[in-house]
Amino acid sequence: MPPILPLRTVALQALFLVIAIAIEAIVLYRQLKLSPREGVQYAATINLLSTVLGWVAVFTLLDTGIGQQFNISLGVQVALLNFILFNRLTPQSASSVVLLAFITFLVSFAVKQFGLVLLKWALDPKLVEVTPPPDPEERSVMRDPRKLIRQEASPQVFAVLVANALSYSAIGAVLLLLLLIQNS
């Protein structure tokens with residue numbers, strides 16, 4: 001079997017990186033009060049880290065047989081590879097792709113959050129502050145959950161979550177547009 005070089009996948013990955021970096025740079029710049037240059041640098045670094053780890057995970061899971069340990073059938077593996085590499089979605093693989101997208105969102109959020117903390121620490125260890133948790137008496141059980149999340153979550157976590165959600169939405173819209181064009 002001849003080797004397959006999925007140039008379309010490489011081009012789409014580059015496009016998705018540009019979209020994600022642009023959107024996330026704006027969010028990080030505004031939410032974390034960074035300079036525009038720092039926002040782009042942080043967004044580019046965490047997106048490249050997330051992308052590299054994502055591709056390593058995909059090829060490790062599907063190529064080495066680890067996917068068999070997770071009871072991923074060969075048909076599902078082929079369907080996922082067809083979608084990832086060739087942008088071909090079948091009705092049978094649609095639910096797997098939606099589940100994979102949700103898992104990918106959560107894992108990439110965690111990787112980006114960890115990457116941003118690590119990057120800030122590497123650039124200036126004084127920037128990463130550890131704050132002690134509030135006393136249990138100060139926390140009210142009857143608070144509005146939305147206020148509680150906003151007050152107790154650090155601005156960095158919220159900024160990375162919003163940035164990741166917006167970039168995934170934009171990438172999802174581009175993928176949906178490509179699928180509609182391909183199927184028409």
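Computed from the coordinates by the stated procedures, all read-outs in this text should not be read as laboratory data. Because the structure is predicted, anything quoted here is derived from the model rather than measured. With ideal geometry, Cβ positions are generated from the backbone for all residues, glycine too; neighbour counts draw on all protein chains shown.
Numbers below:
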quantity	calculated
Whole-Hz couplings from phi, Karplus 6.51/-1.76/1.60, listed for segment 22-35; x for Gly and Pro	5, 5, 5, 5, 5, 5, 5, 4, 6, 6, 9, 6, 9, 6
Fully extended contour minus Cα-Cα distance, from PHE59 to LEU100, at 0.36 nm per residue	13.3 nm
Inter-label distance for VAL52 and VAL78, nm, one decimal - labels placed 7 Å from Cα along Cα-to-Cβ	3.4 nm
Sites ALA170 and ASP124, calculated FRET efficiency, Cβ-Cβ separation with R0 45 Å, nearest 0.05	0.90
